[in-house]
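Structure in structure tokens, see below.
Computed from the coordinates by the stated procedures, all read-outs in this text should not be read as laboratory data. Given the structure is predicted, the values throughout are model-derived calculations rather than measurements. Cβ sites come from the backbone with ideal geometry, for glycine too, and all protein chains shown count toward neighbours.
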């Protein structure tokens, strides 16, 4: 996106997306717009111009109406590892919809029923929101998280451009995703549809498409080696180093 990171937040432990997003909101200095765009790192987005169009529409809805905007894309198959969003009434400018129902990781039967609906979207895991709107919603639905974040930041420290939250304060945070904490409960959620190719790289079908597939049905990359295994994709890289997998088989 042409952005140069000005800082990196190093969490002492994983506490899911609510903590990660709130840390950024607490640390970033006030900007003119007060808008934040949260994007997971394990997704692939194509059609860059369409992606930027969706961001512009989401920014308008967040700034004008104080909405937490989720980016949705039309599901192409029944995936039980993703969240689904059911669209409600159209926004005033017709650029999106109010969120009617949020379904996180449904079972197989429910997922197959959801993909047959007309106004259903995959949750891409990307959100655009106003700082104060998000804070108010967390204070309403998960009030204990706000104080823990504040203490973790106040007693944390910088090491160059890397911020380390206080581990003791951070450990008291509830491990909860923003989907469960806010999106399933709030009345201030909206959807902007994104007509761009979108894929989750932690999904086996997607890794097969983005990595080269070698013999014995193993999905591997340039610096991964599978010895004596079969049906073993997706294999993971580790810090850019070669990763050998010995006798790795798919047991699912």
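For the range 108-163, what class follows from the C-alpha gyration tensor (a ≥ b ≥ c being the square roots of its eigenvalues): rounded when a/c is under 1.5, otherwise prolate if a/b is larger than b/c, else oblate?
prolate
With 10 angstrom as the radius, rank 153, 69 by how many other C-beta atoms surround their C-beta, starting from the fewest.
153, 69
Give me 103, 44 sorted ascending by neighbouring Cβ count inside 10 Å, so fewest comes first.
Working: 103 17, 44 12.
Ascending Cβ contact count within 10 Å gives the list 44, 103.
Two decimals is fine: what's Rg over Rh for the range 8-200, C-alpha atoms, Kirkwood radius as Rh?
0.97
What is the order of 65, 57, fewest Cβ neighbours within 10 Å to most?
In order of increasing Cβ crowding within 10 Å: 65, 57.
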